[in-house]
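Participant: Sharing a structure here in structure tokens format.
The values are calculated or read from the model by the stated rules, or taken from the named source; none is laboratory data. Because the structure is predicted, anything quoted here is derived from the model rather than measured. A quick note on method: Cβ atoms are made from the backbone with ideal geometry, for glycine too, and the neighbour counts reach across all protein chains shown. Protein only, heavy atoms only, side chains kept; ligands, DNA and RNA dropped before computing areas. Shrake-Rupley method; radii C 1.70, N 1.55, O 1.52, S 1.80 Å.
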Amino acid sequence: YKSMPDCATVYIYHNIIEHPSAIIYHAMDQVAWNDPGLKKLIKPGTPGFHVFNNMFLCDKPFSNSSGVKPNFKGDYNLYTSDKEPVFTEAGIDLHSIFNAKPEFVDQANGNWLLSEGSPGKKVGADLSRFSARLPACDDKYFKDERPDIGLIALDKARTPHGPVSGLW
């Protein structure tokens, strides 16, 4: 997720991520951008990451072995864990929901959409207003006042596909 000379721009949105730590900054001692020449050109952390409308089934929102303070852009997420002061200090997740207990339509049978009354229902950010044109966030994005946090109901033909990965 790094590129030279600037950090890559990455959008992470409308996911359900289950892991003990929602977002992790690792110490990277053996990677290419630890080279002294590259280090001067690349900002530490992930300042080009935009993390919106995700549901994190986690014990804590942030883990850090790198010493770099979180510097991504993120908001309107839902966490099952407590909020940590490091997010408030960085201006991250100011409108997000913490200590939530999401309710799904039929989790046992793979339907991870939110049921009516779930705390992430109709409280997400309208990502069609971002300057970047994001897949599945066009004029058919959602019909209510605001989108749900987590997965959204999309026509399977419009659902973006890609590699499965953790949020590291």
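Yes/no matrix, rows are residues, columns are (1) among the charged types (D, E, K, R); (2) free of Cβ contacts under 8 Å to residues at least 12 places away in the same chain; (3) open to solvent by 30 Å² or more (accessible area, probe 1.4 Å):
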site	(1), (2), (3)
Lys40	yes, yes, yes
Asp59	yes, no, yes
Ser65	no, no, yes
Asn71	no, no, yes
Thr80	no, no, yes
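Participant: Follow-up question, since we're still on this one. Mind checking which pairs have a first residue in region 86-115 that is within 25 Å of Phe49 (Cα to Cα) and a second that is assigned to a helix (DSSP H, G or I), Cβ under 6 Å, 6 or more apart or different chains?
Facilitator: Matching pairs, first to second residue: Asp93/Phe87.
Participant: Further question: Just wondering, is there one or more residues in region 81-96 that are within 20 Å of Ile12 (Cα to Cα) and assigned to a strand (DSSP E or B)?
Facilitator: no
Participant: Can you tell me how many residues in region 10-64 are among the β-branched types (Val, Ile, Thr), closer than 24 Å to Tyr141 by Cα and either at pLDDT 90 or above or assigned to a loop (DSSP other than H, G, I, E, B) (or both)?
Facilitator: Residues flagged as among the β-branched types (Val, Ile, Thr), closer than 24 Å to Tyr141 by Cα and either at pLDDT 90 or above or assigned to a loop (DSSP other than H, G, I, E, B) (or both) within region 10-64 amount to 4.
Participant: Restricting attention to region 84-135, and to residues there that are within 11 Å of Pro61 (Cα to Cα) and modelled with pLDDT under 95, which single residue is surrounded by the most Cβ atoms within 10 Å (Cβ to Cβ)?
Facilitator: So, considering only residues that are within 11 Å of Pro61 (Cα to Cα) and modelled with pLDDT under 95, the one surrounded by the most Cβ atoms within 10 Å (Cβ to Cβ) is Phe87.
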